[in-house]
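None of the figures in this text is laboratory data; all of them are computed from the coordinates on show. Remember, it's a predicted structure, so these values are computed and weren't measured experimentally. Here the Cβ positions follow ideal geometry from the backbone for every residue, glycine too, while neighbour counts run over all protein chains shown.
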């Protein structure tokens with residue numbers, strides 16, 4: 001996993017229980033790796049939003065990752081609820097992922113992550129503003 005340079009963000013990860021640190025570290029690395037592979041993404045910024053690790057890029061929509069003590073066996077990847085992202089993910093991967101409303105993909109701590117499908121969702125979020133006016137975010141070009 002790529003080292004977290006920002007001490008405040010590192011402290012948030014360290015505040016999670018060790019198994020969740022590992023799970024969220026995997027999500028973080030998948031976001032960073034996906035961004036690095038996309039020609040449309042020049043740079044990705046890692047910051048905190050609402051106290052949670054967040055990933056922003058020009059032309060994309062923010063992705064946040066978090067674990068909450070109130071739902072201790074789960075962790076999630078959050079998306080802007082005012083976008084079509086989760087609606088599109090549900091259309092594509094309704095049988096693959098568990099969703100929370102129109103804002104998150106939720107994972108159980110013991111489940112394997114479907115990497116290819118999640119990577120596709122991440123790429124749609126990181127390029128959202130280029131796709132948002134296309135039906136189903138232009139996914140027919142990606143499949």
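Between 0 and 90 degrees, the angle of helix 115-126 with respect to the longest Cα principal axis of the chain falls at about 70 degrees. Against the chain, whose longest principal axis comes from its Cα atoms, helix 18-37 is set at around 30 degrees. Distance from the C-alpha centroid of region 3-24 to that of region 77-108: 23 Å, rounded to the whole angstrom.
Sorted fewest first by neighbouring Cβ atoms within 10 angstrom, 75, 93 come out as 93, 75.
Taking all Cα pairs closer than 8 Å and separated by 6 or more residues, the relative contact order of region 41-119 comes to 20 percent. Of the peptides 15-21, 26-32, the order by per-residue mean of other Cβ atoms within 10 Å, starting with the highest, comes out as 26-32, 15-21. Between residue 43 and residue 10, the contour length at 0.36 nm per residue exceeds the alpha carbon distance by 9.9 nm. Here the calculated FRET efficiency for residue 22 and residue 80, from their Cβ-Cβ distance with R0 = 22 Å, stands at 0.25, rounded to the nearest 0.05. With the simple spin-label model, which puts each label point 7 Å out from Cα in the Cβ direction, the residue 73 to residue 87 separation comes to 3.2 nm.
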